[in-house]
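**Student:** Got a structure for you, written out below as C-alpha cells; questions coming shortly.
The values are calculated or read from the model by the stated rules, or taken from the named source; none is laboratory data. Keep in mind it's a predicted model, so treat the numbers as computed, not measured. Ideal geometry is used to build each Cβ from the backbone, glycine not excepted, and the neighbour counts take in all protein chains shown. SASA here: full protein model, heavy atoms, side chains in, ligands and nucleic acids out. Shrake-Rupley method; radii C 1.70, N 1.55, O 1.52, S 1.80 Å.
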There are 2 protein chains.
Amino acid sequence: MNVVEAKELLKTEGYKHTDKRTDILQLFSDESRYLAAKDVLEALQNKYNGLSFDTIYRNLSLFTELGILETTDLDGEKKFRFSCSTDYHHHHLICLDCGKTKHIHQCPMDTSIISDEGFQIIDHKFEVYGYCEQCGEQKNV
Amino acid sequence: MNVVEAKELLKTEGYKHTDKRTDILQLFSDESRYLAAKDVLEALQNKYNGLSFDTIYRNLSLFTELGILETTDLDGEKKFRFSCSTDYHHHHLICLDCGKTKHIHQCPMDTSIISDEGFQIIDHKFEVYGYCEQCGEQKNV
DNA sequence: TTTATGATCAGAATCATTCCGATTTAACTT
DNA sequence: AAGTTAAATCGGAATGATTCTGATCATAAA
C-alpha cells in the first residue's frame with residue numbers, strides 16, 4: 001500500500017479527493033510509525049488553519065475501514081499506521097517512545113500452538129514493545 | 001493468587017481492610033474473565049449504595065500494582081482479571097462477548113523468533129480473540 | 001455554471017478515567 | 001472504651017480521547 005494506491009482505492013470506492021486526505025496519507029507514508037489523532041492534527045494544522053479533530057477522526061476511521069491504515073491501542077489511545085500491505089500478514093516491534101515499528105515476520109498462530117476445541121478464533125494480536133535504536137541511545141546518554 | 005493471598009498481601013503492604021476491597025477481590029475470584037471498571041461498579045452497587053467510581057478505579061489500580069490483577073486494553077477500555085499467578089508466564093484466549101479467558105501456555109517469545117539488534121525489548125502482548133463455547137453457541141442458534 | 005452529495009467546521013456531547021476537597025472509617029494508642 | 005491518625009471513600013468536578021450534530025463549504029458530475 002502506498003499513497004497512490006490509497007488514493008485510487010478512495011476514488012474507486014466513490015470518495016472525493018481532498019487536499020487534506022492527500023496530506024494525511026502522505027504523512028503516514030513518510031512516517032513509518034504509529035501516530036495518534038492528535039499527532040496528525042499537529043502535523044497538519046499549520047497548513048490548514050482551523051483544521052477540525054472531526055476531520056482527522058473521520059478520515060482515520062475511513063482509511064482503517066478501507067484497509068489503508070492499521071490500528072492498535074497503545075496506552076489508552078488509538079494509534080494508526082500505514083498498512084504495510086493488504087495481504088502480507090505480519091506483526092510489529094513497536095517503540096514505546098516514538099511509535100516507530102519494525103516487522104516481525106513470524107506469526108505465533110502459524111505454528112498452530114493454539115488449539116482449543118470450542119473456542120472459535122476470530123483474531124489475534126502479537127506486539128513486542130521496547131525502544132528502537134535511536135530512542136534507546138538517548139535513554140543511555 | 002486467590003482472595004486469601006491477595007488480602008494477606010494487602011495487609012503486609014500496609015493497606016487497610018475494607019469490605020469493599022474484599023468484595024472486589026471476591027468478584028474477580030468468582031469470575032474468571034476480564035471485567036471493566038463499570039462492570040465492577042454494577043456488581044457491587046446494590047450492596048453499597050452510592051459506591052463511587054473513584055473507589056473502584058483506585059482499588060483496581062492498586063491491585064494491579066501489587067500484581068493481584070492483570071490488565072489489558074480491549075476496545076478502548078481497560079479490563080482487569082485476577083492474576084493467574086505471580087510467576088507463571090502465560091497468555092490468553094479472550095472471548096469477545098463475555099471476556100472469559102483460557103490460558104495459552106506457549107509464549108511466542110520463548111521460541112526466540114524475535115531477534116533484532118538495536119531494538120531493546122521491554123514487553124510483549126499476545127492475545128487471541130474469539131468466542132468461547134457458550135457465547136459461540138448462542139451466536140449459531 | 002449549476003447542482004447534489006460528500007467533506008469540513010466549530011462546538012457540544014459522550015465515555016472512560018482521574019483529581020480534589022470534605023467526610024468517614026480502620027487500626028493503633030492511651 | 002474513647003481518642004488519634006492516616007488511609008479510604010464520597011460526590012462531583014475536571015480531563016482527555018473520541019463521537020455527534022447542524023450549518024457551511026467544496027468536489028465531481030450534469
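**Student:** Please tell me if residue B:102 is of a type in the set (Lys, Arg) and more than 16 Å from DNA strand D (Cβ to nearest atom).
**Tutor:** Answer is yes for this residue.
**Student:** Quick one: count up the residues across the stretch A:1-41 that are within 25 Å of residue A:130 (Cβ to Cβ) and surrounded by fewer than 16 Cβ atoms within 10 Å (Cβ to Cβ).
**Tutor:** Number of matching residues: 4.
**Student:** Counting just the residues of the stretch A:61-71 that are buried (at least 18 other Cβ atoms within 10 Å of the Cβ) and over 22 Å from residue A:128 (Cβ atoms), which one comes out nearest to the other protein chains (Cβ to nearest Cβ)?
**Tutor:** Filtering the stretch A:61-71 for residues that are buried (at least 18 other Cβ atoms within 10 Å of the Cβ) and over 22 Å from residue A:128 (Cβ atoms), the one nearest to the other protein chains (Cβ to nearest Cβ) comes out as A:63.
**Student:** Do you know which residues across the stretch A:122-136 are facing chain B (nearest Cβ under 7 Å) and farther than 17 Å from residue B:109 by Cβ?
**Tutor:** A:122, A:123, A:132, A:133, A:136
**Student:** Taking residue A:58 as meeting all but one of (1) within 13 Å of DNA strand D (Cβ to nearest atom); (2) open to solvent by less than 20 Å² (accessible area, probe 1.4 Å); (3) away from every other protein chain (no Cβ under 14 Å), write down the number of the exception.
**Tutor:** Against the list (1) within 13 Å of DNA strand D (Cβ to nearest atom); (2) open to solvent by less than 20 Å² (accessible area, probe 1.4 Å); (3) away from every other protein chain (no Cβ under 14 Å), residue A:58 comes up short only on (2).
**Student:** Exactly one of (1) facing chain A (nearest Cβ under 7 Å); (2) over 23 Å from residue A:128 (Cβ atoms); (3) modelled with pLDDT under 90; (4) open to solvent by 50 Å² or more (accessible area, probe 1.4 Å) is unmet by residue B:141. Its number?
**Tutor:** Looking at each condition in turn, residue B:141 falls short on (1).
**Student:** For the stretch B:72-97, which residues satisfy the criterion of being in contact with a Lys or Arg (Cβ under 9 Å, 6 or more places away or on another chain), under 15 Å from residue B:126 (Cα atoms) and open to solvent by 30 Å² or more (accessible area, probe 1.4 Å)?
**Tutor:** Within the stretch B:72-97, just B:73 meets the criteria.
**Student:** Among residues belonging to the stretch B:72-121 that are under 21 Å from the mean Cα position of the chain (by Cα) and acidic (Asp, Glu), point out the one that is nearest to the other protein chains (Cβ to nearest Cβ).
**Tutor:** Applying the filter and picking the extreme gives B:73.
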